[in-house]
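Peer 1: My structure is below; once you've seen it, I'll send some questions.
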Amino acid sequence: MPPADTGASVVTTRSGASALSSSVPSSADDNKLVPGGPGYRRTSLALFAAGVATFALLYSTQALLPAISDDLGVTPDQASWTVSAATGALAVAVVPLSALSERYGRRAMMTASLCVAALVSLLVPFAPGLGWLVALRAVQGAALAGLPASAMAYLAEEVRAKALIGAIGLFVAGNSLGGMSGRILTGWVAQAWGWRAGLGAVGVLAVVCAVAFRLLLPKARHFTPAAVSPRALARTVGGHLADPLLRRLYAIGALFMTVFGAVYTVIGYRLAEAPFSLPQGVVGSIFLVYLVGTVSSAAAGKLVGRLGRRGALYLALGTTSAGLLLTLPQSLIAVLAGLILITAGFFAGHAVASSSVSRTAKTGRAQASALYQTAYYLGSSAGGTLGAVAFHLGGWDGAVVLGLIAMLAAASITLYATRRALQERRSLPAVARP
């Protein structure tokens, strides 16, 4: 992982570890958006609205899975495909759509993606059965694929480097608020009028966010259109995948999301069953813990400033793992406390890893971010499906074991990166050491 931000530029060595070299901010960077400057607030609010809509739509069925299972007569692992289909389709489509953003612009791609996904969300409640529901959710996920990577690239191009982590953290905070509001909204609406009405309510929320996004987001000032070439795209993607540092970041993002996808796919089933037996509206309200993610992701920049990027990741990994263990007792208070820690650790880790990708990639930033999103949402899809299978076979304990294995793998990758960075730092001449 890259070192803490010290105002120096990052020089990537052949093995992927990073060293520091001093530099002076460029005049182009001086013209970019900064907190308190013109356009920064509008940009932040617009992408916050986009983040709300993205997570609200992408996980709109997650809190409703027990109700969908009961109404359609399907098992938890079958119902989980209404979540996994959306995240899986997003993972597949994100790289091609990010390439189109290089030609047609980040703003245009984000607007088109959000509008199409919002319109499809108005059709989802009318799906006659599980097959149609899964298919429409896949279309919705594919439509959303143009937004996350384009948003990261837009921020990397328009926001000054030192303010980038904070700006991306606010976008991720919008993700957390969207995930929370979507689940709470669907939970209470579904308790009163059924799960189809709950999905319709999320669709209305998405339309409002799409309109706000379009009205608020300023035109890009630092975007340069580029021709879309499949060969050039393959070369760019291959270059990113050949970078050891980026590969590690992609793996860490996927593993964090595996835990998050598994936990939040099956938590509704656990809380709806004995000994808790909570009603649908109360189960949806459990997702108020997403507010913790809003705070932790927005504060990721300060966390990195104090601990460095790898230090922040270690803290996020430890927090998430502790949260998993805390959910094991048959105590609602313990479960809630565990969910708070899982959510805080996940969103902090995601904000650090995703911003590190944008900072590491010097060319093809949209594709670099798209590959991160591919790994991230493949992790979500795998986590949702594997978490449902683990829950079906071993109950909540099975889901926790799956999460702990993922966190152990992520910790091993981060430890390996730490050791490589220390080895390469010791090999540098004394005058080149930071």
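Every number here is computed from the coordinates shown, using simple stated rules; none is lab data. Just so it is clear, the structure is predicted and the values come from calculations on it, not from any experiment. For neighbour counting, all protein chains shown are included, and Cβ atoms are generated from backbone atoms with ideal geometry for every residue, glycine included.
Peer 1: Can you tell which of Ser44, Leu336, Ala262 lies farthest toward the positive end of the dipole of the chain, using +1 and -1 charges on the Cβ of basic and acidic side chains (Lys, Arg; Asp, Glu)?
Peer 2: Ser44
Peer 1: Taking H placed 1.01 Å from N in the peptide plane, check which residues at least 5 places from Val159 or on another chain put their amide H under 5 Å from its amide H.
Peer 2: Correct list: Leu33.
Peer 1: Just Gly187, Gly129, Gly364 to compare: in a GNM of the chain, with alpha carbon springs under 10 Å, which one fluctuates most?
Peer 2: Gly129
Peer 1: Would you kindly calculate the mean projected area, averaged across all directions, of the convex hull enclosing the Cα atoms of the chain, in square nanometres?
Peer 2: 19.4 nm²
Peer 1: If Lys and Arg each add +1 and Asp and Glu each add -1, what is the summed charge of the other residues whose beta carbon sits under 15 Å from the beta carbon of Ser150?
Peer 2: Net charge around Ser150: +3.
Peer 1: Normalised by the number of residues in the range 227-359, what is the relative contact order in percent for Cα pairs under 8 Å and 6+ residues apart?
Peer 2: The normalised contact order for the range 227-359 reaches 29 percent.
Peer 1: Counting just the Cα atoms, what span does the range 48-182 cover along each of its three principal axes? Round to the nearest Å and put the largest first.
Peer 2: Principal axes ranked by extent give 52, 28, 22 Å for the Cα atoms.
Peer 1: Additional query: Does the range 253-357 come out rounded, prolate or oblate, given a ≥ b ≥ c as the square roots of the eigenvalues of its C-alpha gyration tensor, rounded meaning a/c under 1.5 and, failing that, prolate meaning a/b above b/c? Walk me through the numbers before you get to the answer.
Peer 2: Working: a/c = 2.38, a/b = 2.22, b/c = 1.07.
Prolate, since a/c reaches 1.5 and a/b exceeds b/c.
Peer 1: Follow-up. Specify which residue in the list Ile252, Gly318, Ala361 is farthest towards the positive end of the charge dipole of the chain, using unit charges on the beta carbon of Lys, Arg (+1) and Asp, Glu (-1), about the Cα centre.
Peer 2: Ala361
Peer 1: Compute the relative contact order of the chain as a whole-number percentage, counting only Cα pairs closer than 8 Å that sit 6 or more residues apart in sequence.
Peer 2: Value for the chain: 26 percent.
Peer 1: Using a 10 angstrom cutoff on alpha carbons, build the Gaussian network for the chain and name the most mobile of Thr43, Thr418, Thr343.
Peer 2: Maximum among the listed residues: Thr418.
Peer 1: Follow-up question, since we're still on this one. May I ask for the percentage of alpha-carbon pairs in the range 116-245 that lie more than 25 Å from each other?
Peer 2: Value for the range 116-245 (Cα pairs over 25 Å): 43 percent.
Peer 1: Now for a separate question. Once the other residues with Cβ under 13 Å from the Cβ of Leu133 are scored (Lys, Arg +1; Asp, Glu -1), what is the net sum?
Peer 2: Local charge sum for Leu133: +1.
Peer 1: Give me Rg/Rg_expected for the range 277-434, where Rg uses Cα atoms only and Rg_expected = 2.2 N^0.38 Å with N residues.
Peer 2: 1.20
Peer 1: Hey, any idea what the orientation-averaged projected area of the convex hull of the range 357-409's Cα atoms comes to, in nm²?
Peer 2: Taking a quarter of the hull surface, the average projection is 4.1 nm².
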